[in-house]
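Chemist: Handing you a structure now.
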Amino acid sequence: MKKRLTLTLTIVLMITALAVTGCTPSETATTTGSSTTQESGQTGSTSPYEGQTIEVAYVSWACATANTYLVRNILMNEFGVDVNIRQMDAGLMWQAVETGDIDFQVTAWLPYTHADYYAAVKDNIVDLGPIYEDAKIGLVVPSYVTIDSIEEINEHASRFDGRIVGIDAGAGIMGAAAEAIDSYGMTEMDLLTSSDSAMTAELKTAYEAEEWVVVTGWTPHWKFAEFDLKFLDDPEGSFGSAETINAVTRAGFPDEYPEIASFLENYFLSSAELGELIGMMQEYDDNDEAAKAWIDENQSKINAWLS
């Protein structure tokens, strides 16, 4: 069921400049100790993998959610597999791919954001390459904030209430933000741990009151469509430069599932396409329903990925 949000047109326009599935999940389980959410679903098809189960992990970023649900539904439709998806902290996700508990993920931010995770497991995983290019992380403020560089934050700390609003502690962007606090001598600023949803909620509250706020941010993300935002310049390079989002599998997966691995190697979304997909995830109550709607509108592209 649609929420009929008014931001759909804005999202499409924004992502073109780039700024962040048909079945209802049949089961949901949450494991608090490992910050993991698991969902499963299935559909019918004829393939060598009919009835087999694929385990996929993702982090709770808008782009990761969108890509994961789309891939899940394509695999179920085209290969007849069951696909369990698990929301995890980034560190746990990379470890689970290394150990083989997870078959693959499509949310590897490289070479900067997930650099430490990648370095720790690189000998036991397979990088299938980018599914998206020109991703970016950094510190983000509303455009009405009258500073343009991270260098200027500390002298205006009181206007920011001495806080940089972050996301979950295990995210690579949080490590980069902590490094930035040291590199830029932000002695008057603290880094708040929260979540993607909590961060955007605080951003929304401040934005509507035209108050100063600084958050950890990344593109692609729907908040750049909803609000007029800007990245602060990062002359020290604490957040790196443009990145890619890659598909990464456990060792052995491409040999066991060559057709699925080939699909993942071909899978790639432009800024406009990912923006449209993220927008649909916001528009629909159910992520599977949103993914299915996107599939219905883009079957020729999916066929190309499968060829």
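The values are calculated or read from the model by the stated rules, or taken from the named source; none is laboratory data. In this text the structure is predicted, and so the values were computed from the model without any measurement. Cβ sites come from the backbone with ideal geometry, for glycine too, and all protein chains shown count toward neighbours.
Chemist: Quick one: in the range 50-64, which of the residues that are of a type in the set (Ser, Thr, Tyr) and under 20 Å from Val81 (Cβ atoms) is farthest from the chain's Cα centre (by Cα)?
Modeler: Thr53
Chemist: Follow-up question, since we're still on this one. Can you tell me how many residues in the range 262-275 are in contact with a helix residue (DSSP H, G or I) (Cβ under 6 Å, 6 or more places away or on another chain) and in a helix (DSSP H, G or I)?
Modeler: So the answer is 5.
Chemist: Out of Ile147, Ile167, which single residue is surrounded by 23 or more Cβ atoms within 10 Å (Cβ to Cβ) and either assigned to a loop (DSSP other than H, G, I, E, B) or not β-branched (Val, Ile, Thr) (or both)?
Modeler: The conditions single out Ile167.
Chemist: Also: Restricting the search to the range 261-275, which residues are surrounded by fewer than 21 Cβ atoms within 10 Å (Cβ to Cβ) and not hydroxyl-bearing (Ser, Thr, Tyr)?
Modeler: Ala261, Glu265, Asn266, Phe268, Ala272, Glu273
Chemist: Right, here's the next one. From (1) surrounded by 22 or more Cβ atoms within 10 Å (Cβ to Cβ); (2) under 18 Å from the mean Cα position of the chain (by Cα), pick out the condition that doesn't hold for Arg250.
Modeler: (2) is the only condition that Arg250 fails.
Chemist: Just wondering, is there one or more residues in the range 89-99 that are charged (D, E, K, R), in contact with a strand residue (DSSP E or B) (Cβ under 9 Å, 6 or more places away or on another chain), assigned by TED's automatic domain parsing to the domain that holds Gln299 and part of a loop (DSSP other than H, G, I, E, B)?
Modeler: Within the range 89-99 (the criterion being charged (D, E, K, R), in contact with a strand residue (DSSP E or B) (Cβ under 9 Å, 6 or more places away or on another chain), assigned by TED's automatic domain parsing to the domain that holds Gln299 and part of a loop (DSSP other than H, G, I, E, B)), the answer is yes, since at least one residue qualifies.
Chemist: Now a separate question. Just for the range 105-142: of the residues that are under 17 Å from the mean Cα position of the chain (by Cα) and over 25 Å from Glu273 (Cβ atoms), which one is surrounded by the fewest Cβ atoms within 10 Å (Cβ to Cβ)?
Modeler: Restricting to residues being under 17 Å from the mean Cα position of the chain (by Cα) and over 25 Å from Glu273 (Cβ atoms), the top hit is Ala115.
Chemist: Looking only at the range 50-83, count every residue that is touching a Lys or Arg at 6+ places or on another chain (Cβ under 9 Å) and not in a helix (DSSP H, G or I) and tell me the total.
Modeler: 6
Chemist: If I filter the range 263-278 for residues that are among the charged types (D, E, K, R), touching a Gly at 6+ places or on another chain (Cβ under 7 Å) and outside the structural domain of Gly172 (by TED's automatic domain parsing), do I get at least one hit?
Modeler: yes
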